[in-house]
Amino acid sequence: MITSLLASAGPLTPAARSFLSPTGVEIVFLLVGIAVLGSAVIAVTTKQLVHAALWLVVALGGLAVEFLLLTAEFVAWVQVLIYLGSVVVLVLFGLMLTKAPIGRSPDADSGNRWVALAVALAAAGTLVTLVVDAFRTSWIDLGGGGGSAAMTGQSLFRHWVLPFEALSVLLLAALVGAIVLSRTKDERPPKPRPGKLRTGKPVGLSSVPASTTPPQES
Amino acid sequence: MHLVYPAVLAALLFSIGVYGVLARRNTVLVLMSVELMLNAVNLNLVAFDAWLRDALHAGQALTLFTITVAAAEIGLGLAIVLLVFRTRGTADIDRLTALGDPSEDAEDAEADTVLKGQAVA
Amino acid sequence: MNLLDTLLRCVGALVAFLTLPLVIGQTEHKVMAHMQGRLGPMYAGGFHGWAQLVADGVKFVQKEEIVPADADRRIFRLAPAVSLLPYLIVLLAIPIGPNGFVGQALDAGLFFVLAVMGVGVIGKLMAGWASANKFSLLGGLRTAAQLMSYELPMVLAAASVAMAAGTVSLTGIVAAFHWWWIPWQAVGAFVFFTAGLAELQRPPFDMPIADSEIIFGAYTEYSGLRFAFFLLSEYAGILVVSALTAVLFLGGWHGPLPDSLGWLWTLLKTFALAFVVIWLRVTYPRLREDQLMRFAWTGLVPLALAQLALTGIVKVAIS
Amino acid sequence: MNIPGSGLAKGLAVTLRTMTKKTVTAQYPDVQPELPPRSRGVIALLEENCTVCMLCARECPDWCIYIDSHKETLPAADPNARARTRNVLDRFAIDFSLCMYCGICIEVCPFDALFWSPEFEYAETDILELTHERDKLREWMWTVPAPPALDPAAEEPKEIAMARKAADKLATAAAAAAAAGGDA
């Protein structure tokens, strides 16, 4: 199976294609890739929270372009629809609801920034060496339009129906979970009846509202 | 196209995501970094799908699934973050240590200050 | 397709983008005025104020552009473009007539259109947040919540018609159209059009810019040309939603006239729908925020699902 | 039977019907409006009638009428009589930036020196120019229309009624005298 797959894959012979004479698609891919990397780096380092989310938009949009260049057209539009249209909007929503200030917020990064940098650099070094070593000579043949809506739909509903259905159940569970989580319990104090109010405590004392939220942790 | 380009791009993107997850304190920013890592995986899947010329298009189908899962994840994650923010008044991961051992907490806090001192120095 | 052809199509889409929204805007001025027993603009340009919007544009250009002191300047300046551009891009993919009378025929055209239209939200959210104004922020949040809620029924309704046609290409959908689709997809058309109206934040779904409570929502702090961009994006949105509804549910270029005049039919249907948009604006009062959300989740989503089920049943029955 | 959504349809019908009807908009600068009688546009002064009694200035709720005058002594016409003094108007101005068009000055004027004119187009770019001096107020007098006719069934104006009563009395007296003369 694997061998047959590999055999059907692009040619493995070295020096079939040179890195020094890139095709047009490759140049575009590289340029967009640099933009994606740059905006991703800004997204994880900037101290302005909303700017981070907006740089994430650029990064994800660039990735959609990369998908297009890899002839995965349908996936690219799904990327735009779900990531740019929904996920980033949700993230922005979350940032704004957690009172993201305009300008820098000093506590965006935690103290272990340097450790994180070391880990990330190590991961990047390892992965890149590994990947370059393994796939230095592999060539993707970008013909045939394997990512059109018709092709994706066929493969999705002919071979991947069960995972698809399972995923829909997962989505439903996530929906229900999100609703349950974000519901506030109805704990409003019962409305005082006007008759009782008249005979009750003096008005001055009742002016302090009863707090329904627990005191903030310091 | 050389397979190396998308593969290296995905690896670097993943590492950036790793850095973001580890270095960020704001929960929403951590979630964003997770999205970056997921996208790196998606890029890999699509690239290898194109390389292998898979008849089943497993890579692209899986990418679609990942995107769906990411949408579900971000929805739930943000619901949790908002809930935490509402009850605690903060979305700072380092401060959400209510379930931790109090003594460890103190040590962590000390280590934190030491690290911060180093960072400042 | 050579370079000249591509260029020509792009220029055509740009020209359509720059003129048709103005036509719709002028129609809105006049129709709204007459529905309220007024005359509307009568002076600019001489004949019944036909050049009113051009005059408005000149006025907007001359106005001082004000950026609030506490605003996030770059995002504040970028926001109008982000909310305007998606509609321009969408316009490229909407087929006007048969035989390639379209900016760029896309294989996954329907999907593309819905995806790109969804990006416009970010621009409004940016505008709301960057203005450093609590009303703007409220408006931005309301916009985002509303657009997210109404995107679901919109996509579901579009999925129904895609299912009926068996393709997600816009040209393919129009080509597969038969007259009996109109009763068959009527509910879907209603859901799509209504959700589209809500996406545009047109009255009666204009809670995000409810001027009596949050001034002008996300656009409160804008002035001059950037404000004009937001207005233009609203009218371009009317054009896009009307054209999409016409293409998806009303058969696009199909009509009694020969195919060579198909583009006329598409435009006619589009403008008829744009008229309905204006008509609804004049007639109905604004929905309250909770009513708005309830309408989306308990009204439109079940309707869209029912339409999807009906489409599936009929599709299986006739195949 | 109330069909759901019939109210919505009714609303749509109303707006559509309004659209097909003729609009009621008046194209003002092109077409002059037809003002109703007794329209309050601007206050005109008939200087000749003014006696500088100051009633209008005193009654004005927002003190927008400025009157200056001096006394003049008229030489006595008769050597036995005393010399008479008379008020002479120096300045009569109404500040229309303050005026609230209540019309009290016109009501209280005992000598019919103030009138309503329907002219309303006297906007100025400088607020000071809205203070109309006596010559300008006098000019407005030419735009004062004749008072509108009374209702057909209305009571006669008091002056005419009195004059008629006097005339009638005279006529009856004359008739009686004539009758008496005839008798004699």
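General observations
- Sites matching trypsin sites (Lys or Arg not before Pro) across the range B:16-98 that sit in DSSP coil, with at most 16 neighbouring C-beta atoms within 10 Å: B:ARG53
- Computed from Cα positions, the angle between helix C:186-199 and the longest principal axis of chain C comes to roughly 20 degrees.
- Accessible surface ranking for A:VAL119, B:VAL8, C:VAL174, 1.4 angstrom probe, highest first: A:VAL119, B:VAL8, C:VAL174.
- Members of D:LYS136/D:LYS158; C:LYS63/C:LYS269; C:LYS63/D:LYS22; C:LYS30/C:LYS269; C:LYS63/D:LYS21; C:LYS63/C:LYS124 lying beyond 27 Å, as alpha-carbon distances in this model show: D:LYS136/D:LYS158; C:LYS63/C:LYS269; C:LYS63/D:LYS22; C:LYS63/D:LYS21
- Label-point separation in nm, B:LEU56 to D:GLN32, each point 7 Å along Cα→Cβ: 9.1 nm
- 10 Å Cβ neighbours from other chains, averaged over peptide C:280-289: 3
- Taking the accessible area of the range B:1-110, probe 1.4 Å, and keeping the other protein chains in place, the carbon and sulfur fraction comes to 67%.
- Residue of D:ILE127, D:ILE43, D:ILE106 that the Gaussian network model of chain D assigns the largest fluctuation, springs spanning Cα pairs under 10 Å: D:ILE127
- Centre-to-centre separation between the Cα atoms of the range C:40-105 and those of the range C:117-159: 19 Å.
- Largest accessible area first, the residues D:GLU59, D:GLU133 order themselves as D:GLU59, D:GLU133 under a 1.4 Å probe with ligands, DNA and RNA left out.
- Each listed q (0.18, 0.19 Å⁻¹) maps to a log10 I(q)/I(0) for the range D:76-182 from the Debye sum over equal C-alpha point scatterers, namely -1.02, -1.07.
- Scattering curve values for the protein assembly as shown, log₁₀ I(q)/I(0), Debye with Cα scatterers, q = 0.05 Å⁻¹: -0.44
- Part-to-part distance (alpha-carbon centres) for the range A:44-121 and the range C:262-311, which is given in Å: 33 Å
- Local charge for C:LEU244 was computed over the other residues whose Cβ lies under 14 Å away, with Lys and Arg +1 and Asp and Glu -1, and equals -1.
- Heavy atoms of D:TRP116: accessible area, 1.4 Å probe, square angstrom to 10: 50 Å²
- Estimated inter-spin distance, B:LEU83 and D:ASP112, nm [label 7 Å along Cα→Cβ]: 8.9 nm
- For D:ASP112, net neighbour charge (Lys/Arg +1, Asp/Glu -1) across residues whose Cβ lies under 13 Å away: -4
- Degrees between helix C:262-283 axis and first principal axis of chain C (Cα, 0 to 90, nearest 10): 50 degrees
- Degrees, to the nearest 10: C:134-165 long Cα axis against longest axis of chain C: 10 degrees
- Inter-chain neighbour count for A:98-105: the average number of beta-carbon atoms from partner chains within 10 Å of each residue's beta-carbon is 5.
- The figure for D:PHE111 is an accessible area of roughly 100 square angstrom, using a 1.4 Å probe on the protein chains alone.
- Largest-first principal axis extents of the Cα set of chain D (Å): 95, 63, 31
- Shown here: the range C:108-178, whose C-alpha atoms stretch 50, 17, 14 Å along the first, second and third principal axes, sorted largest to smallest.
- Dividing the helix sum by the residues of chain D, where each DSSP H run of 4 or more adds -39500 (n - 2.57), gives a mean residue ellipticity at 222 nm of -9500 deg cm²/dmol.
- Across chain D, the relative contact order, built from alpha-carbon pairs under 8 Å that are at least six residues apart, equals 24 percent.
- Against the criterion of solvent-accessible heavy-atom surface with a 1.4 angstrom probe, A:VAL161, A:VAL176, A:VAL36 sort, most first, into A:VAL176, A:VAL161, A:VAL36.
- Kirkwood analysis of the range C:144-245, using all unique Cα-Cα pairs, places the hydrodynamic radius at 15.1 Å.
- Overall dimensions of the range B:1-97, expressed as equivalent-ellipsoid semi-axes from the Cα gyration tensor (√(5λ), whole Å, largest first), are 32, 16, 6.
- Å² per residue, accessible surface of the range C:70-318 at 1.4 Å: 35 Å²
- Accessible area of chain C belonging to carbon and sulfur atoms, whole % at 1.4 Å probe: 71 percent
- Kirkwood Rh (inverse of mean 1/r, distinct Cα pairs), chain C, angstrom: 20.3 Å
- A 1.4 Å probe, protein heavy atoms only, puts the accessible area of B:ASP94 near 60 Å².
- Of the residues C:TYR43, C:VAL121, C:LEU292, the one whose Cα sits farthest towards the positive end of the charge dipole of chain C is C:TYR43 (charges of +1 on Lys and Arg Cβ, -1 on Asp and Glu Cβ, taken about the Cα centre).
- Per-residue ellipticity at 222 nm from helix content only, as computed over chain C with -39500 (n - 2.57) for each DSSP H run of at least four residues, stands at -23000 deg cm²/dmol.
- Residues in the range D:20-35 occluded by at least 40 Å² - accessible area, probe radius 1.4 Å, against chain by itself: D:THR23, D:THR25, D:GLN27
- Using a 1.4 Å probe over protein heavy atoms, the accessible area lost on pairing B with A, summed over both chains, comes to approximately 7800 Å².
- Binning the alpha carbon pair distances of the range C:17-127 at 5 angstrom intervals from zero yields the distribution 2, 10, 13, 14, 15, 15, 16, 11, 4, 1, 0, expressed in whole percent.
- Peptide-level mean, for C:138-145, of C-beta atoms on other protein chains within 10 Å: 2
The values are calculated or read from the model by the stated rules, or taken from the named source; none is laboratory data. Here the structure is a predicted model, which means the values were calculated and not measured. As a convention, Cβ positions derive from the backbone with ideal geometry for all residues, glycine included, and neighbour counts pool all protein chains shown. Keep in mind that these areas ignore ligands, DNA and RNA; they rest on the heavy atoms of the full protein, side chains included. Shrake-Rupley method; radii C 1.70, N 1.55, O 1.52, S 1.80 Å.
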